[in-house]
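Below: one structure, written as structure tokens.
The values are calculated or read from the model by the stated rules, or taken from the named source; none is laboratory data. Remember, predicted model here, so these are calculated numbers, not experimental data. Positions of Cβ are generated from backbone atoms using ideal geometry, with glycine treated the same way; all protein chains shown enter the neighbour counts. These accessible areas exclude ligands, DNA and RNA; they are computed on the full protein's heavy atoms, side chains included. Shrake-Rupley method; radii C 1.70, N 1.55, O 1.52, S 1.80 Å.
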Amino acid sequence: MLIKVINPNTTWSMTATIEQCARAVVGPGTRVEAVSPSMGPASIESHYDEALSVPGILDEIAKGEKDGVDGYVIACFGDPGMDAARELASGPVVGIAEAAMHAASFLGRGFSVVTTLGRTVGRAQDLADHYGFARACRGIHACEIAVLDLETDPDALKIITEACRTAVEVDGSDAVVLGCAGMADLCRHISDEIGVPVVDGVSAATLFVQSLVTLGLRTSRRGEFAQPLPKTYTGLLAGFTTGEE
Ligand code: 5HY
């Protein structure tokens, strides 16, 4: 099977890290290709960034449908464009926030989330509520490191590790979810340091997609996630016109 992992931001060095983490966990019969869209924000840290990342995501899904992709991961903790992507894709689409929260819920009574900037905490809380984890998600904490600084700040690992340790103590939680795809390669080190399970959404989402495809399961076409209606789009979005009107 072929799983396409879409990093919605356009920073290819981060896409390479994401691809490495996804490839590390799949089985021998699964190929993983990670991409950044040709258009979009360098990183996603606001509602504005997130909104402008969605056309690029949908463009990559459309390409994947032509290439016979079996399932998709949206590798951004805001799970941007998830519902639209599920309408467009024939195979399952899993976001890293939804996947990580589900995985963490199997590991104890409550989990904490440690994300990047404080301004994204509300979005993470909305997602936890939306996915049914209002009770299990004990707290959401920002380490105040910008997404792209994760790659360059020499103190990033130490800062994130201490934020995870504090989160577990303050929240009384049993596990931690890393709230950024750019943290994917840190989870094992942090878990060893703080002594609780630390979940990376990239690997969790990739394995959920692999499992769904193996089970022959895909997004239901009945009702809300039916294919998009034939529609004309104009201007910069002209290429997104669907079906014959
Ligand atoms: C992410 N932004 O996973 C999110 C993290 C965040 O560019 N990739 C990004 O801060 O919401």
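Here are the numbers for the structure shown:
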{"quantity": "Centre separation in Å (Cα based) which lies between the stretch 171-185 and the stretch 53-96", "calculated": "23 Å"}
{"quantity": "Value of relative contact order over the stretch 39-108, rounded to a whole percent, pairs C-alpha under 8 Å and six or more apart", "calculated": "27 percent"}
{"quantity": "The stretch 97-200 - accessible surface per residue (Å², probe 1.4 Å)", "calculated": "44 Å²"}
{"quantity": "Quotient of Cα Rg and 2.2 N^0.38 Å for the stretch 97-200, N being how many residues it contains", "calculated": "0.95"}
{"quantity": "Distance between modelled label sites at L237 and S220, nm, 7 Å Cα→Cβ extension", "calculated": "2.7 nm"}
{"quantity": "The chain, relative contact order in percent, only Cα pairs under 8 angstrom and at least six apart counted", "calculated": "22 percent"}
{"quantity": "Per DSSP, loop GluC sites (Glu not before Pro) in the stretch 158-232 with at most 10 further Cβ within 10 Å", "calculated": "E224"}
{"quantity": "Accessible surface ranking that places the most exposed of L237, L186 first, with a 1.4 angstrom probe", "calculated": "L237, L186"}
{"quantity": "Local electrostatic count at I18 - Lys and Arg +1, Asp and Glu -1, tallied over other residues with Cβ under 14 Å", "calculated": "-4"}
{"quantity": "Counting DSSP beta bridges with both ends in the chain, the antiparallel % (nearest 5)", "calculated": "5 percent"}
{"quantity": "For the chain, fraction of C-alpha pairs farther apart than 21 Å, in %", "calculated": "55 percent"}
{"quantity": "Sequence-separation-based contact order of the stretch 97-200, relative, with Cα cut under 8 Å and 6+ spacing, percent", "calculated": "35 percent"}
{"quantity": "Computed helical MRE - 222 nm, the chain, DSSP H runs ≥ 4 contributing -39500 (n - 2.57), nearest 500", "calculated": "-12500 deg cm²/dmol"}
{"quantity": "Aspartates and glutamates with Cα under 16 Å of K63, excluding same-chain neighbours fewer than 8 positions away", "calculated": "E33, E87"}
{"quantity": "Accessible carbon and sulfur surface of the chain relative to its total accessible area, %, 1.4 Å", "calculated": "54 percent"}
{"quantity": "Net charge over other residues, Cβ less than 11 angstrom from the Cβ of V69 (K, R count +1; D, E count -1)", "calculated": "-1"}
